[in-house]
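Inspection log for the structure reproduced underneath, given as structure tokens.
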Amino acid sequence: MANRNYQNQSLHDNVIKSAQRFLNNTDFDIYTNPGGQKNAGIGNLYPDIILTDKNKKTVKFFIEVETAESINLNEATSQWKKYANGIQASFYLLVPRNYRELANRLCKQVGISVRFGTFDTDYHGNVSNINWE
């Protein structure tokens with residue numbers, strides 16, 4: 001987990017809430033771990049968002065939310081790679097739109113395969129335009 005200042009942690013947690021609202025549908029149960037909470041895990045791993053088939057324990061997707069300062073080689077090797085190798089489900093990184101290419105290069109550098117989602121924020125830190133690839 002990245003060490004974030006208060007403002008960036010707040011943004012991170014707002015992205016988790018926004019993504020949960022966006023994803024909330026009848027096909028999946030959605031579990032979140034904002035602010036380093038351990039509400040739901042997969043083994044001993046706690047990605048930010050976990051989606052399971054409705055009323056089942058089978059993980060279909062999991063999402064790790066990153067903010068600009070947490071998209072770096074240390075995060076890619078210490079967390080993303082652990083998640084990619086340790087969880088048998090589709091792995092998404094949800095990153096600021098302007099940092100998508102950097103995140104992709106880091107994933108290639110550490111040898112992991114992920115799917116991407118991107119988001120934008122306005123001047124006040126409100127999350128908008130969540131898009132999934």
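The values are calculated or read from the model by the stated rules, or taken from the named source; none is laboratory data. These numbers were taken from a predicted model, which means no experiment stands behind them. Note that each Cβ is placed from the backbone with ideal geometry, even for glycine, and that neighbours are counted across all protein chains shown.
Worth pointing out:
- Any hit, region 15-23, residues being surrounded by fewer than 20 Cβ atoms within 10 Å (Cβ to Cβ), in a strand (DSSP E or B) and either in contact with a strand residue (DSSP E or B) (Cβ under 8 Å, 6 or more places away or on another chain) or not aromatic (Phe, Trp, Tyr) (or both): no
- From the list Thr52, Thr32, Thr67, the one residue that fits, being among the β-branched types (Val, Ile, Thr) and either in contact with a Leu (Cβ under 6 Å, 6 or more places away or on another chain) or loosely packed, with under 11 Cβ neighbours inside 10 Å (or both), is Thr67.
- Any hit, region 1-12, residues being of a type in the set (D, E, K, R), closer than 24 Å to Asn126 by Cβ and surrounded by fewer than 17 Cβ atoms within 10 Å (Cβ to Cβ): no
- Inter-residue pairs, beta-carbon under 9 Å, first surrounded by 11 or more Cβ atoms within 10 Å (Cβ to Cβ) and in region 109-130, second part of a strand (DSSP E or B) and small (Gly, Ala, Ser), 6+ apart: Val114/Ser90; Arg115/Ser90; Phe119/Ser128; Asp120/Ser128; Thr121/Ser128; Ile130/Gly117
- Taking every residue in region 78-93 that is buried (at least 20 other Cβ atoms within 10 Å of the Cβ) and pairing it with any residue that is part of a helix (DSSP H, G or I) and among the acidic types (Asp, Glu), at least 6 positions away or on another chain, yields no pair with a Cβ-Cβ distance below 9 Å.
- Among the residues of this structure, Ala103 counts as one that is over 17 Å from Gln9 (Cα atoms) and among the small types (Gly, Ala, Ser).
- Filtered by the rule that a residue be in a strand (DSSP E or B) and out of contact with any Ser or Thr (no Cβ under 6 Å at 6 or more places or on another chain), region 24-51 gives Phe28, Ile30, Tyr31, Thr32, Ile42, Leu45, Ile50, Leu51.
- Qualifying residue in region 34-43 (condition: of a type in the set (A, V, I, L, M) and farther than 16 Å from Trp132 by Cα): yes
- Residues that are touching a Lys or Arg at 6+ places or on another chain (Cβ under 8 Å) and either assigned to a loop (DSSP other than H, G, I, E, B) or modelled with pLDDT under 95 (or both) within region 74-113 comprise Ala89, Gly111, Ile112, listed in sequence order.
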